[in-house]
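Written below as structure tokens is the structure these notes are about.
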Amino acid sequence: MAEHTPERAKSRLEPWRKRYALVSDILTPQRIGLLLAVALLGVVALAGGWQAVEGVEGPETPKVAVGEKIVATPMEVTVRRARHVEELKPSLPRADGYRYLVVSLDLTLRHERYVSGVELAPAISLDAAGLKTTPLRSGPKINDPSLLRGLDGLPARTYQPGLATSTIVVWQQALTEPIPTEVTITFAKQTWRQSVLDGGWGWYDPAPVARVTLPLEELDAPA
């Protein structure tokens, strides 16, 4: 019987060591880990997401009443009203073929750092037909909403920690769609982490935590 010695095992691994040495400056352990992570995400996406891979349906997003406080990290929100309008100068100029669906809410940032409205927008979605989309290779993607300050209608560029801010969340809906009598807005929590793609820190992995259904009124309806 052949004797398995450390020298014999070392000799068997030597060809593989030489091959890795040729690409070791490119395939570093960090890059190999990144490639494996990207490959895993691709496989999961093709399979229909984590829930499809696991073969189970996720829990239903809890319903919350209008005016009830919602915690969706890093924000805390209270939904007030939903309205529609085709034009509201100067913040919402008339857009060819589209109307605006507008949800007003109070938003308080519950995080130690400032967060931009652009970072929060992907965590807010609306269930309505005919929302404006952007064409992608994978298919049309519903545009993230615009966040405006309720005080003056200007873009909500940055939210200050702990400060309640009146906010208007805006989507565009095709005029070819009938005006819905009610809409459902969903809020997702996000995770502050480092990107596996470029190493940058940001808010990722939105996961729905609450949804609110409310009537859609004309913007000039009495307060």
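Per-residue HN-Hα couplings for the stretch 133-146, Karplus 6.51 cos²θ - 1.76 cosθ + 1.60 at θ = phi - 60°, whole Hz, x for Gly and Pro?
10, 10, x, 10, 4, 7, x, x, 10, 4, 5, 5, x, 8
Could you pull out every residue, at least 5 positions away or on a different chain, whose amide H is within less than 5 Å of the one on TYR159? Hs are placed 1.01 Å off N in the peptide plane, and Pro or chain starts have none.
So TYR159 has HN proximity to VAL115, SER116, GLY117.
Which three extents, in angstrom, do the Cα atoms of the stretch 131-220 have along their principal axes, listed largest first?
Principal axes ranked by extent give 45, 39, 25 Å for the Cα atoms.
Show me, bin by bin at 10 Å from 0, the whole-percent P(r) of the stretch 62-200 based on Cα pairs.
Going out from 0 Å in 10 Å bins, the stretch 62-200 shows 11, 40, 35, 14, 1 percent.
Just how many % of Cα pairs in the stretch 85-126 lie over 12 Å apart, if you round to the nearest whole percent? Kindly include the intermediate steps, with their values, before the conclusion.
Working: 623 of 861 pairs.
Beyond 12 Å sits 72 percent of the P(r) for the stretch 85-126.
Give, rounded to the nearest 20 debye, the magnitude of the charge dipole that the stretch 58-137 has about its Cα centre when Lys and Arg contribute +1 at Cβ and Asp and Glu contribute -1 at Cβ.
Working: 12 positive and 10 negative charges, 35 e Å.
It comes to approximately 160 debye.
List the chymotrypsin sites (Phe, Trp or Tyr not before Pro) in the stretch 86-134 that DSSP assigns to loop (not H, G, I, E or B) and whose Cβ has at most 15 other Cβ atoms within 10 Å. Which are they?
Sparse-neighbourhood loop chymotrypsin sites (Phe, Trp or Tyr not before Pro): TYR114.
Only the coordinates and a few stated rules stand behind these numbers; no lab work does. Please read these numbers as outputs of a predicted model, since none were measured by experiment. Quick reminder, even Gly has a Cβ in these numbers, built from the backbone with ideal geometry, and neighbours come from all protein chains shown.
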